[in-house]
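Read through the structure below, which is laid out as structure tokens, and then see the notes.
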Amino acid sequence: KLINTLKLKGSYGLAGNNAFGNYQSLGLLSKANYVLANKQVNGLAVSSLPNADLTWEKSLQTDLGVDVAILNDRISFTADYYNRITKGLLVNVPVPTLTGFSQSTTNIGRVRNRGFEFSLTTQNTVSALRWSTSANISFNRNKVLALGANGLPIMGAPGIGNVITKIGEPIGNFYAYNALGIFQNQAEIDAYPHYSNTKPGDIKYEDVDKNGVINSLDQTIVGNNQPDFIYGLTNNMAYKGFDFSFVLQGVSGGQIFNFNRRFYDSLNAKYNTLSYVKNRWRSESDPGDGMTPRANLNTTGRNQDPSSRWSESASYFSVRNITLGYSIPKNLVTKAKIANARLYVGVQNAFMFSDYSGFNPEVTTVFDPGTAVLAGGVDYGAYPLSRTFTFGLNLGF
């Protein structure tokens with residue numbers, strides 16, 4: 001009598017995906033101008049590399065779960081586990097520019113996504129005040145299992161060079177120098193590997209390969225946009241014609257690579273900056289926050305190089321939607337031959353709480369579908385979320 005529903009469920013199957021854009025297997029033509037007989041004429045040129053072997057992605061997935069409802073369905077709970085292995089991912093990979101192209105669409109590698117999803121729905125009160133709550137949380141772990149025949153990592157993505165996809169790691173890790181702090185004086189510079197023109201107040205980068213030289217080989221993984229978990233909470237209330245609802249949603253864990261900081265952090269007088277540069281290094285006795293470099297007209301210390309300083313927390317908590325409504329009593333509207341009438345006011349994207357210095361912690365730079373796969377969580381000029389206020393009247397006749 002306590003348990004109203006107890007259902008075990010499972011599935012196993014193969015699914016395909018071709019949501020990648022049209023004609024990707026063909027060598028497409030684009031307009032190009034030529035000079036013939038000292039005159040400019042219109043022409044065509046091949047603008048993409050053909051790939052006659054291109055196929056759909058194939059995802060083999062196992063799902064297991066349980067549905068439970070108790071106390072006359074006052075409490076409902078769902079738990080799901082999934083394990084999906086995708087083969088032949090459709091990705092735009094960088095190619096040597098000597099081919100005349102910058103990228104090629106191909107099926108490459110094998111990726112696993114597996115995790116748990118939980119949801120809980122409760123009917124908190126069922127009297128004159130009706131109040132229900134729905135909550136959910138999900139955990140996903142992404143891992144690259146294979147990359148092509150030789151297993152070499154994919155360095156960069158079209159438009160974004162500072163990402164790396166390699167076996168054993170999630171897709172699209174942020175790849176840059178690891179900033180250890182700021183050189184405070186010449187003695188510190190002399191005691192640690194550095195660029196030849198480094199001055200006090202410049203960034204101290206980690207010598208990852210321990211060879212005593214700072215160069216591109218010292219770049220390393222400094223973050224990834226994969227969250228630890230995502231969650232949401234919805235509440236609906238109704239009392240004597242009034243209804244009220246709000247949605248909370250958030251993300252915990254993961255990072256954003258704030259590529260905009262190549263300009264905001266430069267401090268070289270060519271670009272505007274954000275207010276945190278007031279905490280920059282000025283002298284050994286006034287070191288600022290310990291991570292913001294000196295004002296530097298000529299960028300002599302390579303302070304503008306992408307580094308772990310640009311990898312910021314992607315965690316946030318948001319009050320996504322709030323709605324308040326009132327249903328006018330029927331005896332007041334039936335005289336006008338109206339079955340029902342409801343007034344409402346609402347706000348979307350009401351509040352966002354985040355430590356991210358950019359506009360939107362949900363950002364993903366999308367140059368094209370292939371880039372979105374390899375460069376998730378890279379902010380290179382995204383717009384902020386708009387807060388929207390809504391007022392309305394619903395009529396039923």
Where Thr99 falls short, out of the listed (1) open to solvent by less than 50 Å² (accessible area, probe 1.4 Å); (2) closer than 30 Å to Ser48 by Cβ: (1)
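Looking at Ser315, Ser285, which is the one that is under 24 Å from Ile221 (Cβ atoms) and out of contact with any Asp or Glu (no Cβ under 6 Å at 6 or more places or on another chain)?
Working: Ser285 fails: under 24 Å from Ile221 (Cβ atoms).
One residue alone meets the criteria, Ser315.
For region 169-186, give me the residue count where each residue is open to solvent by 40 Å² or more (accessible area, probe 1.4 Å) and over 16 Å from the mean Cα position of the chain (by Cα).
Taking region 169-186 first, the residues open to solvent by 40 Å² or more (accessible area, probe 1.4 Å) are 169, 175, 178, 180, 186.
In the following step, the residues that additionally are over 16 Å from the mean Cα position of the chain (by Cα) were identified as 169, 178, 180, 186.
Selection size over region 169-186: 4.
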Strands (runs of 3 or more DSSP E) contained entirely in region 190-249, each with at least 1 residues that are of a type in the set (Lys, Arg) and buried (at least 18 other Cβ atoms within 10 Å of the Cβ): 203-205
Any hit, region 234-244, residues being among the aliphatic types (A, V, I, L, M) and within 30 Å of Ile328 (Cβ to Cβ): yes
Residue pairs meeting the criteria (Cβ under 8 Å; at least 6 apart or on separate chains; first under 10 Å from Ile189 (Cβ atoms), in region 199-211; second of a type in the set (A, V, I, L, M, F, W, C) and open to solvent by 40 Å² or more (accessible area, probe 1.4 Å)): Lys204/Leu180
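Would you tally the residues in region 13-42 being of a type outside the set (A, V, I, L, M) and not in a loop (DSSP other than H, G, I, E, B)?
Qualifying residue count for the region: 10.
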Counted residues, region 42-70 - those being farther than 30 Å from Phe116 by Cβ and modelled with pLDDT of 95 or more: 0
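In the set Leu60, Leu64, Leu49, which member is aliphatic (A, V, I, L, M), assigned to a loop (DSSP other than H, G, I, E, B) and either in contact with a Ser or Thr (Cβ under 7 Å, 6 or more places away or on another chain) or in contact (Cβ under 8 Å) with a residue 12 or more places away in the chain (or both)? Spell out the reasoning first.
Numbers: Leu60 fails: assigned to a loop (DSSP other than H, G, I, E, B); Leu64 fails: assigned to a loop (DSSP other than H, G, I, E, B).
Just one listed residue meets the conditions, Leu49.
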Matching residues, region 169-206, being aromatic (Phe, Trp, Tyr) and closer than 30 Å to Asn142 by Cα: Phe174, Tyr175, Tyr177, Tyr205
Criterion violated by Arg294 - all others in (1) surrounded by 15 or more Cβ atoms within 10 Å (Cβ to Cβ); (2) among the charged types (D, E, K, R); (3) at pLDDT 95 or above satisfied: (3)
Residue list for region 250-275, restricted to those being assigned to a loop (DSSP other than H, G, I, E, B), open to solvent by 40 Å² or more (accessible area, probe 1.4 Å) and closer than 17 Å to Met291 by Cβ: Thr273, Leu274
Pair list, Cβ under 9 Å, 6 or more apart: region 386-397 residue at pLDDT 90 or above, other residue of a type in the set (Phe, Trp, Tyr): Arg387/Phe351; Thr390/Tyr344; Phe391/Tyr344; Gly392/Tyr344; Leu393/Tyr344; Asn394/Tyr344
Residue selected from region 29-75 under the condition of a type in the set (Lys, Arg) and surrounded by fewer than 12 Cβ atoms within 10 Å (Cβ to Cβ), by the criterion farthest from the chain's Cα centre (by Cα): Lys39
Filtered residues of region 115-128 (kept if over 21 Å from Leu248 (Cα atoms), modelled with pLDDT of 95 or more and open to solvent by 40 Å² or more (accessible area, probe 1.4 Å)): none
Residue that is farthest from Ile75 (Cα to Cα) [pool: residues in region 131-168 that are modelled with pLDDT of 95 or more and under 17 Å from the mean Cα position of the chain (by Cα)]: Lys143
All positions within region 139-166 that are open to solvent by 30 Å² or more (accessible area, probe 1.4 Å), touching a residue at least 40 places away in the same chain (Cβ under 8 Å) and within 24 Å of Phe229 (Cα to Cα): Phe139, Asn140, Arg141, Leu145
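For (1) within 19 Å of Thr364 (Cα to Cα); (2) over 25 Å from the mean Cα position of the chain (by Cα), each residue gets a yes or a no:
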{"residue": "Asp243", "(1), (2)": "no, yes"}
{"residue": "Arg261", "(1), (2)": "yes, no"}
{"residue": "Tyr271", "(1), (2)": "no, yes"}
{"residue": "Leu274", "(1), (2)": "no, no"}
{"residue": "Asn279", "(1), (2)": "no, yes"}
{"residue": "Pro287", "(1), (2)": "no, yes"}
{"residue": "Ser307", "(1), (2)": "yes, no"}
{"residue": "Ser311", "(1), (2)": "yes, no"}
{"residue": "Val319", "(1), (2)": "no, no"}
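The values are calculated or read from the model by the stated rules, or taken from the named source; none is laboratory data. Keep in mind that what you see is a predicted model, and the values were worked out from it rather than measured. Ideal geometry is used to build each Cβ from the backbone, glycine not excepted, and the neighbour counts take in all protein chains shown. Accessible surface is based on the protein model in full, side chains and every heavy atom, while ligands, DNA and RNA are left aside. Shrake-Rupley method; radii C 1.70, N 1.55, O 1.52, S 1.80 Å.
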